[in-house]
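Comments concern the structure below.
The values are calculated or read from the model by the stated rules, or taken from the named source; none is laboratory data. What you see is a predicted model, and the numbers here were worked out from it, not measured in a lab. Note that each Cβ is placed from the backbone with ideal geometry, even for glycine, and that neighbours are counted across all protein chains shown. Keep in mind that these areas ignore ligands, DNA and RNA; they rest on the heavy atoms of the full protein, side chains included. Shrake-Rupley method; radii C 1.70, N 1.55, O 1.52, S 1.80 Å.
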Amino acid sequence: MSNPAARYVHRKAAYDLVIDGQSINGQLRPRLISLSLDERRGADSDVLEIVLNDGDGKLAIPPAGAVITLKLGWQDLTEGASAQLIDKGSFKVDERCHDGTPDKLTIRARSADLTRGFRSRRTQTWRQTTLGAVLGDVAARNGLQAAVAADKAAIVVDHLNQARESDSALLARLGRIHDAVATVKAGRLLFAATAAGETAGGSPIPPATITRASGDGHRWQSAERENYSGVTAEWHDRATGRRETVTAGSSGNVKRLGRTYASERAARRAAETHHARQQRKAAEFSIALAMGRPDLYPERQLTVSGFKPEIDSEDWLIESARHLLDASGGLKTTLQLELKGAPARAQ
């Protein structure tokens, strides 16, 4: 009979850090206290934090604006094995802190594509165009390539104001209006339906599976008071002077939106968006993985097993992921999940 212990492979966390084109692995490894990466959905930038021991006072503080690239994964502790690393992207240093004693240096960096210009306020108006054209304009003036899902790109925009609003804030607002993942990654402005299960370019995002044996702790929560059957929005019909309503979902137990929309199309879009978001929030699930999974990231679909039937039977969507590596060689991942639901229809 085979020995199960013989099949067990010892591993340690591995990483590859490059700053302004120069590898810094050798300098950091004996000094590393912790490395964490918070990955978020939408226009919020991902945040990389590195904490280093500077007990001897010999660490140089990196300049603001330095670009750090990170790969994260595991190294099998067998002879000749190579590290299995996941590319987590580029980050621009925007915060540095030195404190003591004992002396340590903390470096925080955010998604490198979110430049200062992307956060500068500006004013512009679009009329009688499409959402794809609007996002194309925003991408072009920030030196980015627009990658907008076809159904979102085709949405008609009658009138859109950007009044002393940054492109970052505008992108976040359009993401909320259209229930879309709106973000900037690897030089591209991405805009695609939340929970669509595919990238803005139409490529499928492969689902993943975790079991309870992978977890260090979990929390599931469902609040019945939030489970509306539908959402109703009101709009003003200029031709008749009357207020009309549209409903997304069923009318049994509806949530009414507080504002009155200028057209049926705008009201229907708002109702669909709120209903889709509401369905995803009907239950929430968080789990800490003892063995980190840097291959897991926001918008990836997830199935789980080994929990309660109410949990295992659902299709989940990763809302945020936090990867934490410590000096001892451990790597943990904490996931915040929501129900996958169905993406809002483009209007």
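Quick one: GLU314 ticks every box in (1) open to solvent by 20 Å² or more (accessible area, probe 1.4 Å); (2) at pLDDT 90 or above; (3) of a type outside the set (A, V, I, L, M, F, W, C); (4) in a strand (DSSP E or B) bar one, so which box is it? If we test GLU314 against (1) open to solvent by 20 Å² or more (accessible area, probe 1.4 Å); (2) at pLDDT 90 or above; (3) of a type outside the set (A, V, I, L, M, F, W, C); (4) in a strand (DSSP E or B), just (4) comes out false. For segment 314-324, indicate whether the set of residues that are within 30 Å of ASN253 (Cβ to Cβ) and touching a helix residue (DSSP H, G or I) at 6+ places or on another chain (Cβ under 9 Å) is non-empty. There is at least one residue in segment 314-324 that is within 30 Å of ASN253 (Cβ to Cβ) and touching a helix residue (DSSP H, G or I) at 6+ places or on another chain (Cβ under 9 Å).
Number of residues in segment 116-151 that are under 20 Å from the mean Cα position of the chain (by Cα) and among the hydroxyl-bearing types (Ser, Thr, Tyr) equals 0.
Counting only residues that are under 27 Å from ASP151 (Cα atoms) and of a type in the set (Ser, Thr, Tyr), segment 84-139 holds 5 of them. Listed by first and then second residue, the pairs linking a residue in segment 24-43 that is without any contact (Cβ under 8 Å) to a residue 12 or more places away in the chain to a residue that is surrounded by fewer than 18 Cβ atoms within 10 Å (Cβ to Cβ) and β-branched (Val, Ile, Thr), with Cβ atoms under 9 Å apart and 6 or more places separating them unless they lie on different chains, are ILE24/VAL18; ASN25/VAL18.
Evaluate segment 35-50: report whether one residue or more is open to solvent by less than 10 Å² (accessible area, probe 1.4 Å), among the β-branched types (Val, Ile, Thr) and modelled with pLDDT of 85 or more. Yes, some residue in segment 35-50 is open to solvent by less than 10 Å² (accessible area, probe 1.4 Å), among the β-branched types (Val, Ile, Thr) and modelled with pLDDT of 85 or more.
Restricting to segment 284-300, what's the tally of residues that are out of contact with any Phe, Trp or Tyr (no Cβ under 7 Å at 6 or more places or on another chain) and either of a type in the set (Lys, Arg) or part of a strand (DSSP E or B) (or both)? Even if it seems obvious, please write down each step before you answer.
Step one: list which residues in segment 284-300 are out of contact with any Phe, Trp or Tyr (no Cβ under 7 Å at 6 or more places or on another chain), which gives 284, 286-300.
Still in the running and either of a type in the set (Lys, Arg) or part of a strand (DSSP E or B) (or both): 284, 286-289, 293, 300.
Counting residues in segment 284-300 that are out of contact with any Phe, Trp or Tyr (no Cβ under 7 Å at 6 or more places or on another chain) and either of a type in the set (Lys, Arg) or part of a strand (DSSP E or B) (or both) gives 7.
LEU131 meets the conditions (1) closer than 21 Å to SER263 by Cα; (2) open to solvent by less than 10 Å² (accessible area, probe 1.4 Å); (3) modelled with pLDDT under 95 in every case but one. The failed one is (3).
The criterion of being assigned to a loop (DSSP other than H, G, I, E, B), among the charged types (D, E, K, R) and at pLDDT 90 or above holds for ASP56.
Checking the condition surrounded by fewer than 17 Cβ atoms within 10 Å (Cβ to Cβ) and in contact (Cβ under 8 Å) with a residue 24 or more places away in the chain, which residue from ARG176, ARG188 passes? Show your work before the answer.
Numbers: ARG188 fails: surrounded by fewer than 17 Cβ atoms within 10 Å (Cβ to Cβ).
On inspection, the qualifying residue turns out to be ARG176.
When restricted to residues that are outside any strand (DSSP E or B) and small (Gly, Ala, Ser), segment 25-44 contains 3.
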